[in-house]
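Sharing a structure, written as structure tokens. Questions coming.
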Amino acid sequence: MKKIKLTETELIRLIKRVTNENVQTESKQALKEQAVDGTINADWQCEGDCENGQGTYTFMSGNKYVGKWKNGLRHGKGTYIWADGHKYVGQWKDDKQHGQGTYTWDDGETYVGEWKDNYLHGHGTKTYPDGRKYVGGWRKDKKHGHGIYTWPSGTKYEGDWNNGWKEGPGTYTYADGTVEEGLWENGKFIGE
């Protein structure tokens, strides 16, 4: 581990990155204590241009970003790999997942679609390891707008969603062919 001197701007940017990385409280406190004299023990690294260009940044947590940078922020096409196995490949804007992207969880769950400010937002497809699948609208990580949710059994709901709940007109078709068509409220069928 090397000890390096940081400018105030570099120190502020590093603290923001650590905060965004969800580093444990003890690490944040240690970082603040080291920062008093403007130096820090560096166990993270950048290869390439992590200011304005293409670079690979390995975070203290073990997470890694490979991609485009603008003003020291992730911006443009890039890949972020978490130490726990999660992975995001797609567009970034001002250090946030923004635009088209694919997120894969360590259990195999995937989301392919639009992002806004680190949220699933817009149109996208989420596929679950057990075979369930949702294709439709999203707003701030919740199903929203028109969408189709299917189960491996053949059961399917097609209709409107609000804040993650079936809400408004929709059709629920059970695997045995039974159909509930009409209005939904807070995820429950209320009738025609």
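Run down Gly164, Gly147 and say which single residue is touching a Lys or Arg at 6+ places or on another chain (Cβ under 7 Å), modelled with pLDDT of 95 or more and either buried (at least 17 other Cβ atoms within 10 Å of the Cβ) or not aromatic (Phe, Trp, Tyr) (or both).
Exactly one of Gly164, Gly147 is touching a Lys or Arg at 6+ places or on another chain (Cβ under 7 Å), modelled with pLDDT of 95 or more and either buried (at least 17 other Cβ atoms within 10 Å of the Cβ) or not aromatic (Phe, Trp, Tyr) (or both), namely Gly164.
Something else: Picking from Val89, Val112, which residue would you name as being among the hydrophobic types (A, V, I, L, M, F, W, C), in the same structural domain as Thr150 (by TED's automatic domain parsing) and more than 25 Å from Gly53 (Cβ to Cβ)?
Val112
For the range 41-80, which residues satisfy the criterion of being of a type in the set (A, V, I, L, M, F, W, C), over 19 Å from Gln97 (Cβ atoms) and in a loop (DSSP other than H, G, I, E, B)?
Across the range 41-80, the qualifying residues are Trp44, Met60.
The values are calculated or read from the model by the stated rules, or taken from the named source; none is laboratory data. Please read all numbers here as calculations on a predicted model, not as lab measurements. Please note: Cβ atoms are built from the backbone with ideal geometry, for glycine as well, and neighbour counts cover all protein chains shown.
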